[in-house]
Amino acid sequence: MNDSDLQLVLACRRGDQLAWERLILRYQRLIYAIPLRAGLDEDQAAEIFQDVFTTLFQKLNDIEEPAKLQAWLVTTARRKTLRTISKARGQPRSDMNSETAEAALIRDEAPLPDEQLLILEEQHQIRTAVSLLDERCRSLLQMLFYRSEPPSYAELAAFLGIPEGSIGPTRARCLAKLLQMLKK
């Protein structure tokens with residue numbers, strides 16, 4: 001079944017065991033991968049996995065935005081991973097508050113497979129929406145955002161056949177159109 005996180009969390013709150021199992025199946029690889037990618041062994045990763053889902057079970061009714069469950073789980077797993085690493089290194093917990101401490105402790109900053117899939121899906125949605133824009137907007141946005149070095153406003157104006165001073169307002173209108181399309 002393809003229930004949303006919101007639907008699954010609400011079902012779990014009502015005591016639906018099947019919904020709980022689906023939540024665990026949906027996120028088990030993602031949560032287990034976080035401590036492994038941080039350099040912890042399989043036993044430590046399994047312990048963190050268990051701890052994350054125990055915490056979820058305990059705080060299920062306290063989660064304010066069940067639709068954002070994935071972010072909550074990832075954040076919880078990262079924090080528990082950092083605590084485990086910090087404890088192993090004998091560092092005090094006060095170091096855990098800064099983003100730089102997290103960056104120093106986690107070795108692999110590349111997106112996880114599930115995160116990479118979300119990124120690719122978002123990129124596909126944006127490219128599809130851009131392809132549906134009128135020719136002027138599509139050309140302008142592609143020249144501005146699809147190139148490693150965007151052209152100057154003078155080059156854009158010459159290519160599009162519009163005054164250089166119109167580039168900024170035209171870009172703003174095109175981005176607004178794109179945003180409207182993405183919201184649909």
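In segment 44-62, the count of residues that are over 19 Å from L118 (Cβ atoms) and part of a loop (DSSP other than H, G, I, E, B) is zero. Taking residues in segment 129-143 that are under 12 Å from L160 (Cα atoms) and modelled with pLDDT of 90 or more, and partners anywhere that are in a helix (DSSP H, G or I) and of a type in the set (D, E), not one pair has Cβ atoms closer than 8 Å while being at least 6 places apart or on different chains. Among the residues of segment 135-150, those identified as under 30 Å from the mean Cα position of the chain (by Cα) and either exposed (fewer than 14 other Cβ atoms within 10 Å of the Cβ) or assigned to a loop (DSSP other than H, G, I, E, B) (or both) are F145, Y146, R147, S148, E149, P150.
Note on segment 42-57: residues that are out of contact with any Phe, Trp or Tyr (no Cβ under 6 Å at 6 or more places or on another chain), under 19 Å from I85 (Cβ atoms) and crowded, with 16+ Cβ neighbours inside 10 Å total 5. Look at segment 67-85: where a residue is touching a residue at least 24 places away in the same chain (Cβ under 8 Å) and of a type in the set (S, T, Y) and a partner is buried (at least 20 other Cβ atoms within 10 Å of the Cβ) and not in a helix (DSSP H, G or I), sitting 6+ places away or on another chain with Cβ atoms under 7 Å, you get T81/A38. In the set I167, I85, I126, only one residue is part of a helix (DSSP H, G or I), surrounded by 12 or more Cβ atoms within 10 Å (Cβ to Cβ), touching a Phe, Trp or Tyr at 6+ places or on another chain (Cβ under 8 Å) and modelled with pLDDT of 85 or more; that residue is I167. Of all residues in segment 150-168, none are under 30 Å from Q28 (Cα atoms) and out of contact with any Lys or Arg (no Cβ under 9 Å at 6 or more places or on another chain). Does D108 satisfy the condition of being in a helix (DSSP H, G or I), modelled with pLDDT under 80 and not hydrophobic (A, V, I, L, M, F, W, C)? Answer is no for this residue. Across segment 12-41, the qualifying residues are those that are among the small types (G, A, S) and farther than 17 Å from W72 by Cβ, and the one among them that is surrounded by the fewest Cβ atoms within 10 Å (Cβ to Cβ) is G15. Annotation for segment 11-20: no member residue is closer than 21 Å to A71 by Cβ, small (G, A, S), out of contact with any Cys (no Cβ under 6 Å at 6 or more places or on another chain) and at pLDDT below 90.
The values are calculated or read from the model by the stated rules, or taken from the named source; none is laboratory data. Computed from a predicted structure; not experimentally measured. Cβ: placed from backbone, ideal geometry, glycine included. Neighbour counts: every protein chain shown.
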